Amino acid sequence: MVLPRVSVVLERLRSWSGRAAGAASDLPGFVIGTPAGAYTVVLLALAALVATTTMVAGRYFAEREAMARHHYESGLALARTGERPEAIAHFREALSLQRDDGRTQLALATTLLDEGRPREASTYLSDLLRTDPTNGLANLTRARVARVLDEETEAELYYQRAIYGTWAADAQARRLDTRFELAEMLLANGRRARVLGELEQIKADAPADLDVARRVGRLFQQAGAPERAADEFRLVVAERSNDGDAWAWLCQVRFTLGEYADAMTAGERALAIRPDPGTVDRVDAAREVIALNPAARRLSSRERERRGRALLERVLATLDRCLDPAEGAASASLEQQREAARALLARRPQRSVDAAEEVLTLSEDLWQATVGICPAARADDRVVTLLMTRLLSQGGTP
Amino acid sequence: MSAWERISRVRAWSMSETQRFLLLSVLIGVFAGLVVVCFHIAIDRLSWNLLGTPLGANRLGTVFSPMLGAGLAALIVQFVFRAARGSGVNHTKSAIYISDGYIPSGAVFGKFLACSVSIGSGNPLGPEDPALQMGAGIASMLGRAFRLTREHMRLIAPVGAAAGIGAAFNTPITAVLFVIEEVVAGWNAGVLGSIVLAAVSAVVVSRAFLGNEPLFGVPEFTLTHPSELIVYAGIGLVAGLLGAVHIDALTRLRAKMLEAPERLRILQPLVAGLVVGLAGLVVPRVLGAGYPVIDGALRGEFGWQPLLVFGLVKAALVTFAFASGTPGGLFAPTLFVGAMLGGGMGALAQTYWPVPTSDPSAYVLVGMGTFFAAFFRTPMTSIFMVFEVSATYEIILPVMIANTVAYLVSRSFQRDGVFDIVSHQDGTPLPSPEHERHRARLRVEDAMVPADKVVTLGQLTRVAEAVEQVAQSAEPLALVAQPPRGWTPVSRDELAERGSIDGLETVGAIVRDRPVRGVHPDEPIDLALRLLSMQPAVPVVSRSRPLRLLGVLTVRGVLDAYARIQPPG
């Protein structure tokens, strides 16, 4: 019984709607009787529709913007707590509501990059950079994406754009940081000359900044420019005498340069502030080298000869350890040098400049012969290696 | 005379019909643009409230909203606004071929209400077809208000249709091409300008409110290696096959559902909506039109497995929803399925193709247009649509290859297009633009009798001699040369009659005052038919030398030619 009643109701509804639709379809005909009337009605309808659409659209976009903001902020909060997939979903939703929102594009790209999806990140960054090509942060993020994708040339390009781009806040600091990041990338890729160029530019931009000097010094050091590194660390320790790290780094570079006295001084300053095994090792080695050096200034001839004999003894021991008895005797000339060294060591010390010179010369000759036939000898006695390298390269005081 | 009458008589109101038509075109575009903007907003707001953001966040809404939305929308079109039922494309074509441009106003209101409810509640259908119909309906209303002539009223609906699609897609070129390719089925010079004006006006209005951004954010595209074109052709092949299958499945299911008693048909959208809701619980990305998902696919958000799953599930749900009578269009779902298909195959190519390939997003873009070409059988529209959406010229080559392959494959497996089949199912068979395009167009040379089989006479030939020559010929006529103008036909009977009655001695005297009318072999046969109504035969002459006779066209010859291409039965 219910179904027939329903069908009656539906039939009446259909009949009513048919009449209403018929009347509606005739509306233009009986209302608009004249051309002027037609235009008037149409224009009035147009005005009403424009007004309605404007009002509706205004509310709609306001609501869209609010929703987009909500999703953006939710995404940021989730990203901070490390919930990246959830953050990405919110950022995507925010973007679907406001596709041209640069900050959301950037946040999404950054989170995607952190989540290990660089290609997807690059699409959002490309959109952003198309509309805002000088955006410093966007270019920096794009450079990082390129790094992950092993696109070195692209990365360098975007780093440069970031450096010269616009930044919302702390522009100077952000540009410096970007340059440092670029330098680190170039260093990792073995492009030493470019690294040095960038570091010089950084110095030019911030000549008096000690924190910058520290970072630059370290990078100079890693790039194989110990002299420049030493300059930077000296600058730092001159103003911050209690910077233990700077002293330790200065010790390191001085040691690399063979300036053992300065290395020892710097190392001792570092150890006084913050002990570390590396510096201890360097200071000990420097001390030993200085104590063993027969070419040091203001030594008496007796002391010079004593040191020379000690050095010769150690060189001879290195050679003896190096030569394999099973291989048979060394060459005749080397054997001669060995015999001469043993003979010299066996005789009584002579307190003369000539004797000291003779010992030193023999030590040098023997050392050169040793490393010539046995390169591993360099690792045998570190102090002897350091001292002999210094003596042979400069012939001066370490 | 009243003030109103004086105003009405002002000359400025009295425009010519053509001027009114052009002005109307702009107005139609503006109205359609505004309505489509409101339509778009209505869908979004319903979706936010019923499904939540992101899509599917409201789980209860996700399950039940599509069902309730489909049911309500079906009620609206079945009982309140019946004119809003069915495909917008077919309605527009009906307006051209059947109802002299008349589309009831109820179609506009009904389509707006029903489709904003059905799509906004999550049903996997698109807003473009409803926008097309609303535009056509608006055009019809305005045309009646401005009292256009019958001839112009018939053409007003496609103008509105172009405006609707243009505003919905934000693609004026695509809108124009689609209407020409699928609705008007030809480059009708009389209406082309109006279609363009309306589409442009609509897009201007819609961009004023919704912004200038394209429908999708498309990453940069480059063709990495020429061998990729093979992959694109492969996408075309697969899309063509799937397109044919999709058309077949959708129309067969629809036919089955239409067989149900009318009082039970309201249940079909409810069931379909429930299925959509349950699927949406598992795969929420298949709900609604799906544009954000296509956007994500273009950016490489998904791997090939999710892409293919989305595509297949969407295709199945669309088939069910559309066949059940849920109001909504097929454009957006077709783009969605194509995008997923293309992206999935692109991701596979990236893994297995022996040389480096483009980013899968390129394949997503190409896939969109390819499946569109296979399903809607509008190859030109699909090519330009991809180009317009992406603004990337480099994509044109892969798109052309893939779309053409898809179109040809789809056509070879499924002869009739989806709109043609649906119109037959609805009991209003309409002309098929696709069949029109492929219909053999007869030319004069296909029907003419060669010149060596026809008797040719000089003006000084005696009538008796002429009668004797014609009697021996298979054709009961002769052609008389009338230099330098050309040839004039004269029938056997006329020769005999005029010769005996008038006592004329030469054939020249018979044809002296007659006009010389001829055709060229490459001209369409329609042109010759008009001349055949005025003379027994039409000479076929060379374009460069009018006196060089190539043949003759007769009524018998024309009928035989038509019979050859369309045998009886």
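Among beta bridges from DSSP that stay inside the protein assembly as shown, the antiparallel ones total about 75%.
Solvent-accessible surface of chain B, averaged per residue with a 1.4 angstrom probe and all protein chains in place: 40 square angstrom. Rounded to the nearest 10 degrees, the inclination of helix B:379-390 to the longest alpha-carbon principal axis of chain B is 40 degrees. Ligands, DNA and RNA excluded, the heavy atoms of A:M67 present near 30 Å² of accessible surface to a 1.4 Å solvent probe. A simple spin-label model places the labels of B:D248 and A:E73 5.6 nm from each other, with each point 7 Å out along Cα-to-Cβ.
Share of carbon and sulfur in the accessible area of chain B stands at 62%, probe radius 1.4 Å.
Comparing Cα centroids, segment B:321-343 and segment A:172-248 end up 60 angstrom apart. The share of accessible area on segment A:257-398 that comes from carbon and sulfur is 51 percent, using a 1.4 angstrom probe. The calculated FRET efficiency for B:Q472 paired with B:I565, based on their beta-carbon distance and R0 = 35 Å, is about 0.65.
With all protein chains kept in place, the per residue accessible area of chain A amounts to 51 square angstrom at a probe of 1.4 angstrom.
Here the simple spin-label model places points 7 Å from the Cα toward Cβ, and for B:N58 and A:F61 these points are separated by 2.5 nm. Relative to one another, the C-alpha centroids of segment B:25-43 and segment B:455-504 are positioned 67 Å apart. Does anyone have the angle between helix B:105-120 and the longest principal axis of chain B? Alpha-carbon axes, 0 to 90°, nearest 10? Compared with the principal axis, the helix lies near 40 degrees. Going from the chain on its own to the full set of protein chains, segment B:130-149 has these residues losing 50 Å² or more of accessible surface (heavy atoms, 1.4 Å probe, no ligands, DNA or RNA): B:A145, B:F146, B:R147.
Hydrodynamic estimate: the Kirkwood radius of segment B:216-313 over Cα pairs, inserted into Stokes-Einstein at 4 °C and 1.567 mPa s, corresponds to D of 78 µm²/s.
For the pair A:A379 and B:I230, label points projected 7 Å from Cα toward Cβ lie 5.2 nm apart.
Comparing the full protein assembly with the isolated chain, the residues of segment B:17-37 losing at least 40 square angstrom of accessible surface (1.4 Å probe) are B:F31, B:L34. For chain B, the longest principal axis of the C-alpha atoms and the axis of helix B:555-565 are separated by about 30°. For GluC sites (Glu not before Pro), the sites in segment B:443-544 that DSSP calls loop and that have at most 16 other Cβ atoms within 10 Å are B:E505. Under the criterion of Cα pairs below 8 Å and six or more residues apart, the relative contact order for chain A equals 7 percent. In terms of its Cα atoms, segment B:285-386 spans 46, 29, 19 Å along the principal axes, sorted from long to short. Size descriptors for chain B, from the alpha-carbon set: Rg then Dmax equal 29.5, 99 Å. Dividing the alpha-carbon radius of gyration of segment B:49-122 by the rule-of-thumb value 2.2 N^0.38 Å gives 1.33. Any idea of the total accessible area buried by the B-A contact, 1.4 Å probe, rounded to 100 Å²? Its buried surface, counting both partners, is about 4200 Å².
In segment B:296-311, comparing the full protein assembly with the chain on its own, the residues that lose 30 Å² or more of accessible surface at a 1.4 Å probe are B:R299, B:E301. Think of it as helices only: each DSSP H run of n ≥ 4 in the protein assembly as shown is worth -39500 (n - 2.57), and spread over all residues that comes to -23000 deg cm²/dmol at 222 nm. When restricted to Cα atoms, segment B:357-458 yields an Rg and a Dmax of 20.6, 74 Å, respectively.
Counting only other chain Cβ atoms within 10 Å of each residue's Cβ, the peptide A:37-50 averages 4. Per-residue surface analysis assigns A:W367 an accessible area of about 0 Å², computed on protein heavy atoms at 1.4 Å probe radius. Calculated translational diffusion coefficient of the protein assembly as shown (20 °C, 1.002 mPa s; Stokes-Einstein with Kirkwood radius over alpha-carbon pairs) equals 60 µm²/s. If you sort A:C322, B:C115 by accessible surface, 1.4 Å probe, largest first, the order is A:C322, B:C115. Take every Cα pair under 8 Å whose residues are at least 6 apart in sequence, average their separation, divide by the length of chain B, and the relative contact order is 15 percent. Straight-line cross-link partners of B:K111 among the lysines, defined as a Cα under 23 Å from its Cα and at least 8 positions apart when in the same chain: B:K93, B:K314.
The values are calculated or read from the model by the stated rules, or taken from the named source; none is laboratory data. What you see is a predicted model; the values in this text were computed from it and never measured. Quick reminder, even Gly has a Cβ in these numbers, built from the backbone with ideal geometry, and neighbours come from all protein chains shown. All accessible areas refer to the heavy atoms of the entire protein, side chains included, with ligands and DNA or RNA removed. Shrake-Rupley method; radii C 1.70, N 1.55, O 1.52, S 1.80 Å.
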